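These notes concern the structure reproduced below.
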Amino acid sequence: MSALQLTQTQSDLPYIHGFSATEQARLVRQARFSESMVYRDVDFSGVQKLLEVGCGVGAQTEILLRRFPEVDITGLDFSQRQLAVARQRLQGSPEHGRATLLHMDAEDLDFPPASFDGAFLCWILEHVHSPERVLAEVRRVLKPGARLYATEAMNATFFLAPYSANLQKYWMAFNDHQLSVGGDPFVGAKLGNILMRLGFRHVETKVKTWHLDSREPHRRQQVLDYWTELLLSAADQLIEAGRVDAELVESMTKELRLLRSDPELVFFYSFMQASAVV
């Protein structure tokens, strides 16, 4: 998802979920599942040229094209494989003519200053080595008065009840591994400071929360299924890195199955969305 140095290989990048076809399909489901919460406060009215950083397989690009029919989108990503999937996906969309997808380094954007009216970043900064460098480059290529929206993880907030020891052990290993390879699973909480340091104006942050219990059993089950996919998408990388073993993955999976059938299940997770103006 992130746009890093083109000379780097995928194994050098802090994208913890991998690049398989299964993961590419999961990204599309993730975008659609979280759309209502991610876009609730996003407003690109009046924007003509929008920069999407970390467009990946085009999952968010599809949504942006549908929600903002007056906008032309330039999406960029480091992965040619992801871009190929995105181009194929958008080719079948009637809005595909409004999207240009480019292979580019987000830490060194190949655009002149003041090229875009707005910018959109979603689940990317947690996967880059220097979120501040990426945002500095985005600010450089935005016009005065342009608005940025950045939606990012804050993984310290994840909690399920009843308490499940193997799930928590796996989650700690997940976050420790992401940090060790140069990502930041807690970057969402830092967005306000970063944007202020870079000279953005009107910096605002919103905490967006899934808090689900027996009052919404169907929605709670949907969120748990979504989260189960996300957790397991990193299992192979975590095993290969020695962070977990197959036994822990199996034990965690069993706990998730038990939680799914527990009428007292409580799911809690918060992520962050920042907006700012150049």
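The values are calculated or read from the model by the stated rules, or taken from the named source; none is laboratory data. The structure presented is a predicted model; accordingly, all values stated were derived computationally and were not measured. Neighbour counts are summed over all protein chains in view; Cβ atoms, including those assigned to glycine, are modelled from backbone coordinates with ideal geometry. In case anyone asks, the SASA skips ligands and DNA or RNA and just uses the protein heavy atoms, side chains included. Shrake-Rupley method; radii C 1.70, N 1.55, O 1.52, S 1.80 Å.
Charge dipole of region 136-262 (Cα centre as origin; +1 on each Lys and Arg Cβ, -1 on each Asp and Glu Cβ, all else neutral): 940 debye, rounded to the nearest 20. Can you send over the carbon and sulfur percentage of the accessible area for region 111-191, probe radius 1.4 Å, protein chains only? Ligands and nucleic acids excluded, carbon and sulfur reach 60 percent. Taking the helices alone, the chain has a mean residue ellipticity at 222 nm of -12500 deg cm²/dmol, built from -39,500 (n - 2.57) per DSSP H run of at least 4 residues and averaged over all its residues. Protein heavy-atom accessible surface, 1.4 Å probe, per residue over the chain: 43 Å². Quote the charge dipole size of region 57-99 about the Cα centre in Debye, to the nearest 20; the model charges only the Cβ of Lys and Arg (+1) and of Asp and Glu (-1). For region 57-99, the charge dipole is close to 140 debye. Each peptide in 118-131, 95-108 gets a packing score, the mean of other Cβ atoms within 10 Å over its residues, and the list from highest to lowest is 118-131, 95-108. Beta-bridge orientation, the chain: approximately 50 percent antiparallel, per DSSP, counting only bridges with both partners inside. Computed packing ranks the peptides 49-62, 211-224, 68-81 as 49-62, 68-81, 211-224, most packed first, by mean other Cβ atoms within 10 Å.
The lysine pair tally for the chain, using Cα distances under 20 Å and a gap of 8 or more places or different chains, is 4.
L248 contributes an accessible area of around 20 Å² to the protein surface, as traced by a 1.4 Å probe with all chains present. For region 135-242, build the charge dipole from Cβ charges (+1 Lys, Arg; -1 Asp, Glu) around the Cα centre, then report which of H211, L191, P162 sits farthest towards its positive end. Ranked along the dipole, the leading option is L191. Computed with a 1.4 Å probe over protein heavy atoms only, the accessible area of Y15 comes to about 10 Å². By the gyration tensor of its Cα atoms, with a ≥ b ≥ c the square roots of the eigenvalues, what is the shape of region 53-137: rounded for a/c under 1.5, prolate for a/b over b/c, or oblate? The shape class here is prolate.
A probe of 1.4 angstrom, applied to the heavy atoms of all protein chains, finds R139 with accessible area near 80 square angstrom. Just the protein heavy atoms count here, and of the accessible area of region 205-278 at 1.4 Å, carbon and sulfur take up 49 percent. The residue list A146, G92, P131 was ranked by how far each Cα lies along the charge dipole of region 58-166 toward its positive end, using unit charges on Cβ atoms, and G92 comes out on top.
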